[in-house]
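Student: Quick one: structure below, then a few questions.
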Amino acid sequence: MTDRVVSAPDVVTPARLGVVAKYRRAIMRSEALRGYNLLSPTLLFMILFLALPLGLLLVFSFWTQNYLDIDYSFTLANYTKFFDRPVFSYLLGKSILISGSVTIATVILAYPMAYYIAFRVHKHKLVWLILITVPFWTSYLLRVFAWKVILGYNGVINSGLMELGLISEPLEFILYNPFAVVITLAHAWAAFAILPIYVSLEKIDRSLLEAATDLGDTPIMRFFRITLPLSMPGVIAAAMLVFIPTVGDFVTPKMVGGTDGVMIGNVIQSMFGTSHNWPFGASLSIISMTAITIMIVVFLWINRIMRRRA
Amino acid sequence: MSDEQFISIQNVSKHFGDVHAVDRVSIDIARGEFFSLLGPSGCGKTTLLRMLAGFEFPTAGEIFIDGQAMSTVAPNHRPVNMVFQSYAIFPHLNVSQNIGYSLRKDKLSKADFNSRVGEMLDLIKLSGYEDRASHELSGGERQRVALARALIRRPKVLLLDEPLGALDKQLREQMQLELRSLQRAVGITFVFVTHDQEEALTMSDRIAVMSKGRYLQIDTPTKLYEAPQNREVADFIGTMNFFDASVQDVGDGQASIDAGPLGKLSVSPGNLAFSSGQAALAAIRPEKISISSEKPSGGHVVEGTMDAAAYLGDRSHFYVRVPGVDKPVAVSAQNIDQTHLHGDGNQGQVWLSWSNDAVVLLNKD
Ligand SMILES: Nc1ncnc2c1ncn2[C@@H]1O[C@H](COP(=O)(O)OP(=O)(O)OP(=O)(O)O)[C@@H](O)[C@H]1O
Ligand SMILES: [Mg+2]
């Protein structure tokens, strides 16, 4: 820099140099500025593809649909509509309940698998992890269809049971209801739960487990006093990874949920699609997001209190 | 079961595939003893300790603790507790929860629990640390918490796997003394693993020197130092000068040997057996050799030239070349009146002398 100043004083005027140098010095001095500098590509991407659409969604939610065109005047009408018509809160509540069940089912299914790989597999752990993700190499839609085939009226379970003579007519209650949605989603998201739980289990220092045994714990006591609490970060990550995206899912409920299995995502999708009411769809999205955020904050808060008690 | 056989390790082996980590070891440890397992890295100390704790099962042999065979006792039911090398403090629990970890099944009231934990905190001088999180402790404090946690139920035996290895020298020396006095105070049998010979000598009642899965000698620190039974032990504990010798005559508690350049000596063979004409090793500790620049009058004297000298403040180490001996002879002397021996690059003549009972006779393996 200084060399250039000496050799070409007419190009870099003292005033401009002052600005550049000032900027450089500020960057070197401020940790935060340097951080933003480093982040800038990502930050730009995030602003462009996350913050901007979200802002747009928020703006849309304060407009209203007038048959074919949008009324751009600011109003809370969409929000009042949501709270005036109980069906929407009912659907949101049901969606949260279904995803909650999915989350619990997924974590309970994923934990033993992650535990097995972390503690019982000694060689080729990576192979095991890759094998677990194999079902996820197929499309999400295909997997949902597969469950339709398994649970359907003429599906694998029904024909199997009939073949065995255990039932005389196909069972109808196993498909097209919230239960089918829970099974399908739990299976679809299992891999996302296994990985974070596996990582947190793998990190546990084995001598802690030996110490617990040495101090008199049976294997079961040791699990609840040491292994589970220390793997909680993985369980929480897994729960979030499953809960957040499944609340808004609309494909699975549409395919295997029937009328009882309808979720808030289906309504939002129809608002942006056939019903053609973007502003109301936007406000439903905003309300769902707020509800999910509140749920998670409450969840983390309960978890923190539980930890302090232990 | 006698008190001498409070812990009885009988012909125990542990193989990991082809590795014989512990190979037919038999050791008896007395009640209330501070017993150390000493040996170089990989000699099987940890494996032996883990078999006492129940984390490894012997391939062969049996371990008895207080008369009870351990082969069918699970680690959580054994009357032993362990202090781990890395301390294994539970990171999600605070100090008092860590120390009181094993009290859970006693279903104590909160007040009883606190008083039991408080007693231990007093013992390790960490009162007031009850609510500290484990990451707020220094290395020495973690070590003490691990100790208190292992002692709170008064086990019959406390196992310690290099518990001082991670501490700096000063803290380590302080903890050695504290650990020793703590052991005396609680009267519990300690089995202590270390590869630091000085540490083992300072703390132990008896030491088993191990090498390659076997033990070489079990003795008190003084015996190990003064009367090692073989070359490996003599070499591992402290420094030793070895000289080739041949046994000439074995008499009543005395043996006459010809130690080549050192001349003919009359030494005590200890409890080793020698026969006339046998090749042997004469061994002398560096501090049992006197060095002077003038020829002393009596005793065994040999002449040599100074090879190197190191001044260590309270003492000096000299390396003296003696004609007919391959390696320079190591001599350690207190710096009372030695300054003249240092000189500038003193290459001069010196005389070494020693008394008969300074010489240890060993088998030439
Ligand atoms: N689980 C295991 N599987 C295979 N080999 C093992 C196992 N544990 C120990 N060994 C081997 O057994 C031998 C003794 O190991 P051990 O840990 O007892 O040594 P140590 O005396 O404690 O050494 P250090 O002072 O380095 O801790 C070593 O050669 C080691 O490689
Ligand atoms: Mg070891």
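Every number here is computed from the coordinates shown, using simple stated rules; none is lab data. Everything quoted here is computed from the prediction, not taken from an experiment. Here the Cβ positions follow ideal geometry from the backbone for every residue, glycine too, while neighbour counts run over all protein chains shown.
Student: With charges set only on the Cβ (+1 for Lys and Arg, -1 for Asp and Glu), what does the dipole of the protein assembly as shown come to about its Cα centre, in debye to the nearest 20?
Tutor: Details: 60 positive and 60 negative charges, 508 e Å.
Dipole about the Cα centre, nearest 20: 2440 debye.
Student: Taking a cut-off of 20 Å between Cα atoms, list the aspartates and glutamates near residue B:223, but don't count ones fewer than 8 places away on the same chain.
Tutor: B:4, B:28, B:33, B:196, B:198, B:199, B:205, B:232, B:235, B:287, B:357
Student: Lysines within cross-link reach of residue B:105: Cα-Cα under 30 Å, excluding same-chain residues under 8 positions apart?
Tutor: Candidates past the 8-residue exclusion: A:203, B:125, B:156.
Student: List the lysines whose Cα lies under 16 Å from the Cα of residue A:148, skipping any in the same chain that are fewer than 8 positions away.
Tutor: Straight-distance partners of residue A:148: A:254.
Student: For residue B:214, which sequence-distant residues (separation of 5 or more, or a different chain) have an amide H within less than 5 Å of its own amide H, given hydrogens modelled in the peptide plane?
Tutor: B:23
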